[in-house]
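**Q** Right, I'll just put the structure down here and ask away after.
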Amino acid sequence: MEPSTRSHQTSVPEGSVARPRALADLPGPRGWPLVGNLLQVDAARFHLTLEEFWRAHGDLFSFRLGPSRCLGVADPALVRAIMRERPHDFTRMSSMESTARELGMHGVFSAEGDDWKRQRTLIMPAFRDANLVRRFDTLQAITHRLMLLLSPAAVSATSVRILDPFMRYTVDVMAQVALGEDLNTLERGGDTLQRHFEIIFGMLLRRVLAPFPYWRYVKLPADRALDRALATAGQAIKTMIERAGEKLARDPARAASPETLLEAMMVAASSGGQQLTQGEVLANVFTLLLAGEDTTANSLAWMIDLLVRNPQALALAREEVLRVAPDPTAFTLEQINTNRFDAAVED
């Protein structure tokens with residue numbers, strides 16, 4: 001997607017002040033009474049629907065989901081400003097928190113306010129450089145699995161649905177970094193945990209966008225599939241938590257210096273006070289595997305798409321990789337830390 005150069009700023013005489021516009025004054029797609037634009041929205045392709053709205057109406061647009069009027073923002077500077085002000089001035093849709101609670105996965109992803117601050121403070125240390133360095137060899141092995149999975153298609157110039165292996169890759173990476181678990185969904189294939197996450201994430205979004213909670217009165221086949229996916233994924237996560245508890249019990253010193261985020265959360269939950277509850281531990285493991293998988297995998301897929309559409313950028317990226325890490329099987333931390341941007345800056 002190319003950045004938009006359109007602006008909705010109203011031209012006014014010098015020295016005067018532009019009148020702020022109300023949400024209802026913004027351009028946007030026409031909707032139906034009561035339901036608004038819901039009939040135009042498919043949860044599985046919601047991002048594409050928003051892209052269509054953006055192309056038709058510009059960087060700021062308004063649309064309705066049932067009785068709720070929503071603001072669409074496609075200007076990168078405004079998006080960054082909004083994200084910096086979360087959760088003080090901007091929050092997610094209220095249905096996000098209620099839906100996550102109902103599914104038993106209300107963690108940092110759906111929390112707001114002080115609840116979000118408390119949980120985020122406990123989770124962020126898992127992504128510090130020291131933790132990533134400690135896991136480097138394993139992360140390298142997971143990346144090598146991805147390379148082996150995609151290499152045959154690259155050699156034969158065969159098209160692949162790139163999002164699927166990326167989703168498996170990000171699940172494996174997140175499980176290793178945050179939980180100390182080698183799920184290896186890349187090599188197992190078939191009915192892996194990642195497949196259940198796909199069902200859960202899709203239905204989570206579908207319920208968040210639903211005009212009313214129909215599933216409390218009647219369950220469709222998709223809702224029953226969600227129940228099965230939740231049960232399977234929930235049991236797998238509980239098993240991970242049990243294994244982490246056994247490690248902590250065998251080595252009490254780990255409580256003073258937890259090696260994974262899961263261990264840190266379990267220590268916080270057992271230390272008394274109001275840090276984390278056992279339910280929040282389970283919910284945040286769900287959050288890390290589910291939200292991390294979707295957002296990171298889609299970012300990688302979009303990056304590949306943009307590189308393919310821009311051959312010059314692809315050539316530069318390929319040249320950098322071959323220059324900095326010519327042998328992917330012997331990739332090192334030193335190569336990561338190499339100042340590889342000097343040549344580009346000089347050019």
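**Q** Averaged per residue, what accessible area in Å² does the range 29-101 show with a 1.4 Å probe, protein chains only?
**A** Here the residues of the range 29-101 average 61 Å² of exposed surface.
**Q** The list (i) -0.30, -0.74, -1.16; (ii) -0.38, -0.94, -1.40; (iii) -0.26, -0.67, -1.17 gives values of log10 I(q)/I(0) by the Debye sum over Cα atoms at q = 0.07, 0.11, 0.14 Å⁻¹, and only one came from this structure; which label was calculated from it?
**A** (ii)
**Q** Report, ordered by chain and residue number, the aspartates and glutamates lying within cross-link reach of Lys219, taken as a straight Cα distance under 13 Å and ignoring same-chain residues fewer than 8 apart.
**A** Output for Lys219: Asp227.
**Q** Right, something else. Restricting to DSSP H runs of at least four residues, report the calculated mean residue ellipticity at 222 nm for the chain, -39500 (n - 2.57) per run over all residues, nearest 500 deg cm²/dmol.
**A** Per the formula, -18000 deg cm²/dmol.
**Q** What whole number of Å gives the distance from the Cα centroid of the range 269-330 to the Cα centroid of the range 67-86?
**A** So the two Cα centres are separated by 23 Å.
**Q** Also, I was wondering about something else. How large, in percent, is the carbon and sulfur part of the accessible surface of the range 193-237 at a probe radius of 1.4 Å?
**A** 64
**Q** Shifting gears a bit: What size of dipole, in debye to the nearest 20, comes out for the chain about its Cα centre when the only charges are +1 on Lys and Arg C-beta atoms and -1 on Asp and Glu C-beta atoms?
**A** Dipole size: approximately 1040 debye.
**Q** Check cross-link reach from Lys247 to the aspartates and glutamates: straight Cα distance under 16 Å, and skip same-chain residues fewer than eight apart.
**A** Leaving aside aspartates and glutamates fewer than 8 places away in the same chain, those within reach of Lys247 are Glu181, Asp182, Glu259, Glu263.
**Q** From the square roots a ≥ b ≥ c of the eigenvalues of the alpha-carbon gyration tensor of the range 60-100, which class results: rounded (a/c under 1.5), prolate (a/b over b/c), or oblate?
**A** Oblate is the answer for the range 60-100, as a/c is 1.5 or above yet b/c matches or exceeds a/b.
**Q** Using a 10 angstrom Cβ neighbour count of at most 10 plus a DSSP loop assignment to flag exposed trypsin sites (Lys or Arg not before Pro), which longest range of the chain is free of such sites?
**A** In the chain, the maximal stretch lacking such sites is 162-347.
**Q** Taking 41 Å as R0, compute the FRET efficiency from the Cβ-Cβ separation of Asp89 and Glu259 and round it to 0.05.
**A** 0.65
**Q** At a Cα cut-off below 26 Å, give the lysines reachable from Lys117, other chains included and same-chain residues fewer than 8 away excluded.
**A** Result set, ordered by chain and number: Lys238.
**Q** Then there's this: Measuring from label point to label point, each 7 Å out along Cα→Cβ, what is the Arg30 to Arg161 span in nm?
**A** About 3.6 nm separates the two model spin labels.
**Q** Can you name the helices of the chain, as whole DSSP H runs, whose Cα span along the helix axis is 18 Å or more and whose Kyte-Doolittle mean is not below 0.0?
**A** Flagged H segments are 136-156, 193-209, 278-309, 311-324.
The values are calculated or read from the model by the stated rules, or taken from the named source; none is laboratory data. Please read all numbers here as calculations on a predicted model, not as lab measurements. Backbone-built Cβ (ideal geometry, glycine too); neighbour counts: all protein chains shown. Side chains are part of the model used for accessible areas, which takes the heavy atoms of the whole protein and leaves out ligands, DNA and RNA. Shrake-Rupley method; radii C 1.70, N 1.55, O 1.52, S 1.80 Å.
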